[in-house]
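The values are calculated or read from the model by the stated rules, or taken from the named source; none is laboratory data. Everything quoted here is computed from the prediction, not taken from an experiment. Note that we place each Cβ from the backbone using ideal geometry, even for glycine, and neighbour counts take in every protein chain shown. SASA here: full protein model, heavy atoms, side chains in, ligands and nucleic acids out. Shrake-Rupley method; radii C 1.70, N 1.55, O 1.52, S 1.80 Å.
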Amino acid sequence: MSASDEGNAAAAGYAPHPYVGGRTAVLRALSAWRMRWPGAPRVIVLTGNPGSGRSRLLTGFLMMCDPGYRKQLPLDDLDPATVPPDLPAPAVPSPAGRTAAQLLWLISDHFGLNADHTDDIFTELATREEPVTLVVPDVDQAGPVRAANEPARVVQDVLKPLAATETVQLLADVPRELAAELAGALPRGQVQVIDLDEAEWADPKGLVLHAETALTPESGAPELPYTTDPSARRALAEAIATRADGNRLTVQLAVQSLLMQPEGFDPADASLLPGSVGEALDLHARRLGADPQTLRLLLAPLAFAEGEGLPVQLWGALANAVAGRDMSQDLADGMLLAAPFIQPVEASPDEDENDEAEAADGDEDGDEDGAGSGADAGRTLLRLMHPGLAEEIRSALPDTRDAQTRIAMALLEAVPQQDWSKADPYIRDHLAAHTLDAGLLPQLLTDPGLFAHADPVTMRAAIEAVPLEQLGAPARTYLRTAPLLTRSQAPADLRAAFLESAFVEDGLAPYAEALHTLGFTLPWRTLWSVPLVGVRAVTTGSLPPQGGDGATADAAAGADGTTAAQAPDGTTAQVPDGATPGSAQPGGPVPASGTTAPRPVAAFIVPEGTPGSRTVPRPDGDDSEGDGRALLLHDLLRPEYVDADPAQVQLPSEQAQAAAPFGLSRGADYLRVWARADREVVAALLSDTPFTGADLSPDGVLVVATARGVTARQILATPRPATPTVPAQRTGTADSDASDGLEGDHS
């Protein structure tokens, strides 16, 4: 199949594809791939220069692959060899804006795979009886952060393993610089590279048809001599296509420019027709009497824009920053100048969600109800009409890193009083991407407020692109916590709470304390954290007052005779305010003797031999080697271990537990603290490792053990009475314990 097939198709009287307008040779190759024609490759790599029309071609092909859309196409008029069979639509997972890992899980969800890890996805696909068909478009748009080079990661981590899986039939649209890497991973005969800029796949007649159609009044063109006269229109279309040298983006820009401002255009003057995307920009500016460099400077902020586009209110400040001068008058006078190259879009809810308007609702699955309901949702963003246009503008700048530095500084200056809660959502979510491209990201990663307010997907992608040795301690803590933040889809307050605990766990207490001063509504204050390995259970209790004559183990027993040593399973516990965050170390200081109040403590079941621990006594007559368990005591409110006999620890009585203002529900990797008075969830805790123990003290201190260690959090919600106040004349039984309906809630 080659370009000669185009002429054969036309000679046979077949109509062109109504959306693609040509590309017969390529459509034949794709149709043969779809029907698994004998000799057709299992994998096709589609590539070409920016603006070569890859996305449009794939869209037109997928129209014919969709059973519902096929009914709207004149399939009987098309070349039969270009029409794929009527089969179920292939899977089309889009990498646009997604990381390689997100793309893999999207594929897993589509096929309903039972995969726990990304490697399992390929194993599951390989064991399927029926082959699966995947079309992966727009790999060049992968990733939430442009400078992180996510397309290369998608090819390496997603497409190459998919291509190597014999049960997968793959069609992928990738940039030219990555096409050879993907194709080279397979034996010859299994893969075919279709480069739309090579003569074999060229479509000069289709390009003329593309220009001619765009010039017709039916397509919205104004009535001009060269749009209403078929012969003049055809001649102009041929001239435009010839000058564009096969690039559809150049053709599109040329047509849009002359139709938007037809004055000053002479169809007989070939010097007014562009031969590249850059020439289309410069010719348009000169025809309108403007400096081409001014046009490029106006469009530069949009060329560097991240996400869905740049908010219109930021455009002027960033244009000033890139140009190094006041561009306000140029911008006011240049809307017609820039219009052919700009596309307005309405921000999606995810792009402009107002995190600050939402409170944590305790849903560990990240319920997104109400997403995008903030004041910014629905505002207008601006972006360049094609990624190839942005690439041209960036590449023509003398120093792109300097331009990004200027943009980053301007974005920082636009944050009111450096208060991230008042910053434009674009600045919060994408400043990290701009500073990454400027080489300044490590210097930015010291602000706990930005960590909490920024979109964790984009922030994580930006930080992961920086070599680990260049990151400071706060950034490493964020990177460790980021999977939890992205998985939970938590609002800013809950993100701040997760980070607050992580900072304490990593010995960065000042950063944790700063989060309590930034206006967040945090559900807890992390009191301390110890990096203990092998903790099997935790429980809370208290040591009896230690007078001058000491206290005995008998005096320490609870009302029901229960001690910590006798209850090693670790139930619920809680603690009052007033402790200072920090990290405890074995053998730390112990308060002086002589105190008169019981001392609240937490007891951990740890492996025998843990420093500072005491072996759990075995029942009488048990001479076995035991299970290697020991008890270790820690102060409940302060970051210090306690050297005391575990047999002296008194557990809360049943009456104290019943009167406690909070209850605890636990799943494998989440915990909920809820108010007994109204069953409202006041704190929700997720973990990236399973919980091995948890307890909530009657005073509201949550002690949790995971594979990393043990952490204590003071619940900050104001307790309410467990029973409502009722008029004196009313009598009756009290409400049932709220925990009856919440324990074991795994929703």
List the residue pairs whose Cβ atoms are under 7 Å apart, where the first residue sits in the range 117-146 and is free of Cβ contacts under 8 Å to residues at least 40 places away in the same chain, the second is open to solvent by 60 Å² or more (accessible area, probe 1.4 Å) and part of a loop (DSSP other than H, G, I, E, B), and the two are 6 or more positions apart or on different chains.
E124/N114
Among the residues of the range 492-528, write down those that are open to solvent by less than 10 Å² (accessible area, probe 1.4 Å) and assigned to a strand (DSSP E or B).
W524, T526, L527, W528
I'm trying to understand the selection: among the residues of the range 445-463, which are buried (at least 19 other Cβ atoms within 10 Å of the Cβ) and either more than 17 Å from the chain's Cα centre (by Cα) or over 23 Å from A100 (Cβ atoms) (or both)?
L445, P448, G449, L450, F451, A452, H453
Might you check whether a residue that is of a type outside the set (D, E), more than 27 Å from the chain's Cα centre (by Cα), outside any strand (DSSP E or B) and at positive phi occurs anywhere in the range 649-657?
no
Modelled with pLDDT of 95 or more and open to solvent by less than 30 Å² (accessible area, probe 1.4 Å): does that describe P442?
no
Taking into account only those residues within the range 305-350 that are over 17 Å from L384 (Cα atoms) and of a type in the set (D, E), which is modelled with the highest pLDDT?
D326
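Please verify whether the range 154-171 includes one or more residues that are on the phi > 0 side of the Ramachandran plot and either exposed (fewer than 15 other Cβ atoms within 10 Å of the Cβ) or in contact (Cβ under 8 Å) with a residue 12 or more places away in the chain (or both).
Taking the range 154-171 and keeping what is on the phi > 0 side of the Ramachandran plot, we get none.
No; the residues of the range 154-171 include none that is on the phi > 0 side of the Ramachandran plot and either exposed (fewer than 15 other Cβ atoms within 10 Å of the Cβ) or in contact (Cβ under 8 Å) with a residue 12 or more places away in the chain (or both).
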Restricted to the range 276-318 and to residues being closer than 27 Å to T242 by Cβ and in contact with an Asp or Glu (Cβ under 6 Å, 6 or more places away or on another chain), the residue surrounded by the most Cβ atoms within 10 Å (Cβ to Cβ) is V277
Considering (1) surrounded by 23 or more Cβ atoms within 10 Å (Cβ to Cβ); (2) modelled with pLDDT under 95; (3) among the aliphatic types (A, V, I, L, M), say which one V26 fails and leave the rest.
(2)
Checking L412 against (1) within 28 Å of Q489 (Cα to Cα); (2) more than 20 Å from the chain's Cα centre (by Cα); (3) at pLDDT below 95: exactly one of these is not met. Which one?
(3)
With criteria (1) modelled with pLDDT of 95 or more; (2) within 19 Å of Q192 (Cβ to Cβ); (3) open to solvent by 20 Å² or more (accessible area, probe 1.4 Å), V92 comes up short on (2)
Hey, V466 hits all of (1) open to solvent by less than 40 Å² (accessible area, probe 1.4 Å); (2) modelled with pLDDT under 95; (3) not acidic (D, E) but one; which does it fall short on?
(2)
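Conditions tested, residue by residue: (1) within 21 Å of L178 (Cβ to Cβ); (2) under 28 Å from the mean Cα position of the chain (by Cα); (3) not in a loop (DSSP other than H, G, I, E, B).
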{"site": "A29", "(1), (2), (3)": "yes, no, yes"}
{"site": "N49", "(1), (2), (3)": "yes, no, no"}
{"site": "R56", "(1), (2), (3)": "yes, yes, yes"}
{"site": "D76", "(1), (2), (3)": "no, no, yes"}
{"site": "D86", "(1), (2), (3)": "no, no, no"}
{"site": "A89", "(1), (2), (3)": "no, yes, no"}
{"site": "W105", "(1), (2), (3)": "no, yes, yes"}
{"site": "E129", "(1), (2), (3)": "no, no, no"}
What is the one condition in (1) at pLDDT 95 or above; (2) assigned to a strand (DSSP E or B); (3) among the aliphatic types (A, V, I, L, M) that L637 does not satisfy?
(2)
Touching a helix residue (DSSP H, G or I) at 6+ places or on another chain (Cβ under 7 Å), more than 23 Å from V457 (Cβ to Cβ) and either of a type in the set (A, V, I, L, M, F, W, C) or open to solvent by less than 40 Å² (accessible area, probe 1.4 Å) (or both) - does that describe any residue in the range 135-143?
yes
Quick one: F122 ticks every box in (1) under 16 Å from D173 (Cα atoms); (2) open to solvent by 20 Å² or more (accessible area, probe 1.4 Å); (3) assigned to a helix (DSSP H, G or I) bar one, so which box is it?
(1)
Inside the range 422-454, the number of residues satisfying the requirement of being of a type in the set (D, E) and within 20 Å of P151 (Cβ to Cβ) is 1
Here are some conditions: (1) buried (at least 19 other Cβ atoms within 10 Å of the Cβ); (2) part of a loop (DSSP other than H, G, I, E, B); (3) within 25 Å of the chain's Cα centre (by Cα). Y478 meets all but one. Which one does it not meet?
(2)
